[in-house]
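Each remark here refers to the structure printed beneath this line.
Please treat every number below as a calculation from the coordinates, not as lab data. As the structure is a prediction and not an experimental result, all values here were calculated from the model. All Cβ positions, glycine included, derive from the backbone under ideal geometry; neighbour counts span all protein chains shown.
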Amino acid sequence: MRVAHVVSRFHPGKGELEAFVLALVKQQRLEGVNSEVVTLNRIDTDPRRELRRYDSVEGVPICRISFVGSARYPIAPGILRCLEPFDIVHVHGLGFLCDFLAVTRLVHRKPLVLSSPGGTIQAHTAGLFGPALLHTATRLSLLQYSRVVACSANDEAILRMVARRRLRRIDNGVDTETFDGLASSRLVPTLVYFGRLATDNGLDKLIEAFEILRDEIPKARLFLMGCDEDKLQRPLKERFAACRHRAGITIHADPDEDAIKRVIGKSSFFVSPSQDEVSAVTLVEALSAGLLPMVSRTPSFADVLADTEMGTPVQFDDAERAGREMADYIRATAANYDSRRAGAIELAARYSWSKVARRFVREYERLLGWREREIFGVRMRPMGRRQALADVDRAFAAGRGLKVSFANAHTLNLASSNDSFRAALQNFLVLNDGVGVDIASWYKFGRPFAANLNGTDFVPYYLASTRHRLRLYLIGTSDAAVNKAAERLRVRYPRHTVVGHRNGFFTGPEDAEATCRDIRSARADCVLVGMGNPLQELWIDEFAAKTAAKVLFGVGALFDFEAGNVRRAPAWMQSLRCEWGYRLLQEPRRLARRYLVGNIMFLSRVLVDGDR
């Protein structure tokens, strides 16, 4: 797989966006993905210097393109000449490159992914015209993107309005190795802040709160460490020079990595009054060390700590309250400090670059249809008959209660307009059925499925080829048809046992519950349900667990074919994938709407669904 990471700013420039892209591409290359960077040939800090067209940094290949106009919105049509060898184009941030690749989507024909690292979305939507731009030009551009990835909770809230179903959440990766497990192995009442020594980070409020904390825990200490970009070291020292507990406060401006490590090694707690979205990265770095967090009540911090009992939120606007909250938390950790420290390290591991890179790669694979292909929100796995047989057999042996459905154009039409049906199919192994699904796969992924796995052929193939002896229970169609189908299956597959059958007309929930009891009593391990879409899938999804069966198939019209009520098309029509036409000739009144109107609707949905 070759991936082009398109970004307006990159090495030798320095910033959060540049760091994000470099770390992601390096990790993807370690994972075996041939990822490269495509960027501009000049940077903001040195706009007159033209950088080399081909370069590399830390093993990452770079291709640079020329542009005209400002660096904020550079005009760079030459990017199209760089994209030919790539399978996926991953754009980082909004702007000309994002818009231009969307407009030329039919020219380069590459699946597009957009992500929002380093506050790029907030910058784009700021100002007087930002929101209007988001809902007009940006919305139109994002229609051409197969995936839109939000890298923070704030970005997710903004982008959900314009990306909807195509939106995914993958948080910024964090270096979790540098400080891994460095925090003190025993509880000490030492707090460390590291980040920016900036005017907007609330450090004066932290100093006030520490005064109250020190009253309650006299041995408490506070270290303030970070880049002194606002030249705050002197005013901060003047501020705490008047403090009653100034001996407990130490400031390190612009510390090197070794200095930070030494302080972390003798600390147990990370403290931050910051309201900055980006500070969530620092929080994860602190967690990776095993530091227990006492942080402000911001969405970014809350999002990292959500659904965990890790750390405590602190109301820094009220110094007295904040000091007491921190003191209470320090005392509360005494009994289980070791387990909390280990939990912090485990929580940070979720944000490691290796995991973030793999999540992006999985999205690429989905878009290319390598492991699964999503059409109208329904995921299908591309595989041949033997692989499908092996997968079902493995699930049977594991007793996982596998649910299997076969999706043709009609099934996907129903799923696109029926939220409950589409949600139910997420719990199934969905196999592709018919030429319509192949057309959709070819249009969206550039290739058809490996084999046509329709239920009418695959279920008999499975019954003939499985290594297991099955106890079968049949549900569906009329009593007469299911009786005939049961007898036919007994003759054709004597290795298996038909332990029960019934029609598919349930009088209510009590009737369905009674059927589940019959299936359990008969010890059926494979249930064939032929009630048509979407009824059979909805029934299976609701009652599968109550049957205790190992595998359940939604088999559509299989019983009618087995009973001889409906004839299969001649072999030559089946080989041409035109069996739907033969069925239409047999039952024109019943099937005209499904095949004539439905097929036109399906093809129009394929065009709209595009790469989404």
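Once you put a point 7 Å from the Cα of LYS266 and another 7 Å from the Cα of ARG350, both along the Cβ direction, what distance in nm separates them?
Going from the LYS266 label point to the ARG350 one covers 3.3 nm.
Any idea what the alpha-carbon Rg over 2.2 N^0.38 Å comes to for segment 369-563?
Working: Rg = 15.9 Å, N = 195, 2.2 N^0.38 = 16.3 Å.
Its radius of gyration relative to the 2.2 N^0.38 Å reference: 0.98.
What is the P(r) of segment 2-169, as percent of Cα-Cα pairs per 10 Å bin from 0?
P(r) for segment 2-169, in whole percents per bin: 10, 42, 38, 10, 0.
Would you kindly give the portion of the calculated P(r) for segment 190-343 that falls above 29 Å, as a percent of all Cα pairs? Could the numbers behind the result be given before it?
Details: 921 of 11781 pairs.
Value for segment 190-343: 8 percent of Cα pairs lie more than 29 Å apart.
Give LYS110/LYS355; LYS261/LYS355; LYS14/LYS261; LYS26/LYS205; LYS219/LYS261 a once-over and call out the pairs whose C-alpha atoms are over 31 Å from each other. Show your work: numbers first, answer last.
Values: LYS110/LYS355 25 Å; LYS261/LYS355 24 Å; LYS14/LYS261 23 Å; LYS26/LYS205 39 Å; LYS219/LYS261 21 Å.
Distance filter (> 31 Å) returns LYS26/LYS205.
In what sequence, highest mean first, do 451-460, 507-516, 482-491 appear when ranked by Cβ atoms within 10 angstrom? Please report the intermediate quantities before stating the final value.
Working: 451-460: 20.7, 507-516: 12.4, 482-491: 17.7.
By packing density, highest mean first, the sequence is 451-460, 482-491, 507-516.
Using only Cα atoms, tell me the angle between helix 435-445 and the longest principal axis of the chain; keep it within 0 to 90° and round to the nearest 10.
It is inclined by approximately 20 degrees.
For segment 352-414, which trypsin sites (Lys or Arg not before Pro) pass both filters: DSSP loop (anything but H, G, I, E, B) and at most 11 other C-beta atoms within 10 Å? Provide the component values of the computation, followed by the final result.
Numbers: sites: LYS355, ARG358, ARG359, ARG362, ARG366, ARG371, ARG373, ARG379, ARG385, ARG386, ARG394, ARG400, LYS403; in loops: ARG371, ARG400.
Those satisfying the criteria are ARG400.
Can you list the aspartates and glutamates whose alpha carbon sits under 19 Å from that of LYS546, skipping same-chain ones fewer than 8 residues off?
Answer for LYS546, where 19 Å is the Cα cut-off: GLU510, ASP511, GLU513, ASP518, ASP525, GLU537, listed by chain and number.
Would you mind ranking THR308, THR333, THR411 by Cβ crowding within 10 Å, fewest neighbours first?
Working: THR308 12, THR333 20, THR411 28.
Placing the least packed residue first, the sequence is THR308, THR333, THR411.
State the Kirkwood hydrodynamic radius of segment 358-478 in Å, one decimal place, computed from all pairs of distinct Cα atoms. All intermediate terms of the calculation are to be shown ahead of the outcome.
Numbers: mean 1/r = 0.0652 Å⁻¹.
Its Kirkwood hydrodynamic radius stands at 15.3 Å.
Pulled fully out, how much extra length does the chain show between GLN586 and ALA522, if you take 0.36 nm times their separation in residues and subtract their Cα-Cα distance? Could you put the intermediate results ahead of the total?
Numbers: separation 64, 0.36 × 64 = 23.04 nm, distance 3.71 nm.
Extra length available between GLN586 and ALA522 comes to 19.3 nm.
By DSSP, what percent of the beta bridges with both residues in the chain are antiparallel, rounded to the nearest 5?
Working: 9 of 75 bridges.
Of those bridges, close to 10 percent are antiparallel.
Give me the number: length gained by fully extending ARG490 to ARG109, i.e. 0.36 nm times residue separation minus the C-alpha to C-alpha distance, one decimal in nm.
Values: separation 381, 0.36 × 381 = 137.16 nm, distance 5.15 nm.
Roughly 132.0 nm would be gained on extension.
In which sequence would CYS578, CYS98 go, from the one with the fewest C-beta neighbours within 10 Å to the one with the most?
Working: CYS578 15, CYS98 23.
Listed from fewest to most nearby Cβ atoms, that is CYS578, CYS98.
Just subtract the alpha-carbon distance of SER66 and THR250 from 0.36 nm times their residue separation and send over the number in nm, one decimal. All intermediate terms of the calculation are to be shown ahead of the outcome.
Values: separation 184, 0.36 × 184 = 66.24 nm, distance 4.82 nm.
Additional length available on full extension: 61.4 nm.
Suppose each label sits 7 Å from its Cα in the direction of the beta carbon; what would the MET161-CYS243 distance come out to in nanometres?
In this crude spin-label approximation the distance works out to 4.1 nm.
Would you mind computing, in nm to one decimal, how far apart the modelled labels at ASN418 and ILE75 are, each placed 7 Å from Cα along Cα→Cβ?
5.2 nm
Give the aspartates and glutamates whose C-alpha is closer than 15 Å to that of LYS484, dropping any in the same chain fewer than 8 places away, or say none.
Straight-distance partners of LYS484: ASP560, GLU562.
Taking all pairs of different Cα atoms in the chain, averaging 1/r and flipping that mean, what Kirkwood radius in angstroms comes out? Write out the running numbers ahead of the final one.
Working: mean 1/r = 0.0354 Å⁻¹.
Taking every pair of different Cα atoms in the chain, averaging 1/r and inverting gives 28.2 Å.
Antiparallel versus total DSSP beta bridges in segment 2-169: what percent is that, nearest 5?
Values: 6 of 29 bridges.
Of the beta bridges lying entirely in segment 2-169, close to 20 percent run antiparallel.
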